[in-house]
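For reference, the structure is listed below as structure tokens.
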Amino acid sequence: MSANSRGPHVRVEPLGVTFEAPPELTLLEAAGFAGIRLPRMCRNGTCRTCLCRVTSGEVRFTIEWPGLSREEKAEGYVLTCVAVALTDLVLDVPDASIA
Ligand code: FES
């Protein structure tokens, strides 16, 4: 990855904004650095406040077993506080806002 390319691009819908998500940051952290406020509370993968759906792309999780059911994972739901972008993503986060 070059110095000009810090990480995958994440588009937040329906807000229509995009931020870069470097591999060392969770989606929640990267959005925060970009001035985008995503729903959050515990920041450790347990409260599910940050639950949202990835409609395009892939993530990995920073903890072994984030608080998601097998069905939720299969449907593309992620917890942004413990998820890192592996590819460009589109997130569906109705409660997102500009910080
Ligand atoms: S903020 Fe609590 S699970 Fe993500």
- At 4 °C and 1.567 mPa s, what whole-number value in µm²/s does Stokes-Einstein give for the translational diffusion of the range 43-99, with Rh from the Kirkwood sum over Cα pairs? 112 µm²/s
- Message: Using each residue's phi in the range 44-49, evaluate 6.51 cos²θ - 1.76 cosθ + 1.60 at θ = phi - 60° and report the 3J(HN,Hα) Karplus result to the nearest Hz, with x for Gly and Pro.
- Response: 10, x, 10, 7, 6, 4
- Item | Mean separation of Cα contacts under 8 Å, 6 or more apart, over the residue count of the chain: relative contact order % | 39 percent
- Task: Amide H neighbours of Arg37 under 5 Å, at least 5 residues apart or on other chains, H built in the peptide plane: list them.
- Result: Ser97, Ile98, Ala99
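What is the local net charge at Arg6, summed over the other residues whose Cβ is closer than 12 Å to its Cβ (Lys, Arg +1; Asp, Glu -1)?
-2
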- Specify, per residue and in Å³, the volume enclosed by the convex hull of the alpha carbon atoms belonging to the chain. 89 Å³
- Query: Using unit Cβ charges (K, R positive; D, E negative) and no other charged atoms, how large, in debye to the nearest 20, is the dipole of the chain about its Cα centre?
  - Reply: 200 debye
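What is the local net charge at Leu15, summed over the other residues whose Cβ is closer than 11 Å to its Cβ (Lys, Arg +1; Asp, Glu -1)?
After counting each charged neighbour, the total is -1.
What length, rounded to one decimal in nm, is gained on full extension from Ser97 through to Phe33, with 0.36 nm per residue of separation minus their alpha-carbon distance?
Contour length minus the Cα-Cα distance gives 21.7 nm.
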- Query: Once phi is turned into θ = phi - 60°, what whole-Hz ³J(HN,Hα) does the Karplus curve with 6.51, -1.76 and 1.60 give for every residue of the range 19-36, x standing for Gly and Pro?
  - Reply: 9, 8, 10, x, x, 8, 10, 6, 4, 5, 5, 5, 4, x, 4, 8, x, 10
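What 222 nm value per residue comes from the helices of the chain, counting each DSSP H run with n ≥ 4 as -39,500 (n - 2.57) and dividing by all residues, nearest 500 deg cm²/dmol?
Computed ellipticity for the chain at 222 nm equals -2500 deg cm²/dmol.
Using the per-residue mean of other Cβ atoms lying within 10 Å as a proxy for protection, in what order, highest first, do the peptides 49-55, 92-98 fall? Walk me through the numbers before you get to the answer.
Numbers: 49-55: 18.0, 92-98: 14.4.
Most protected by this proxy first, the peptides run 49-55, 92-98.
Read-outs: derived from the displayed coordinates by stated rules, not from any lab. None of these values were measured; they are calculated from a predicted model. No Cβ is skipped: glycine too gets one built from the backbone with ideal geometry, and neighbour counts run over all protein chains shown.
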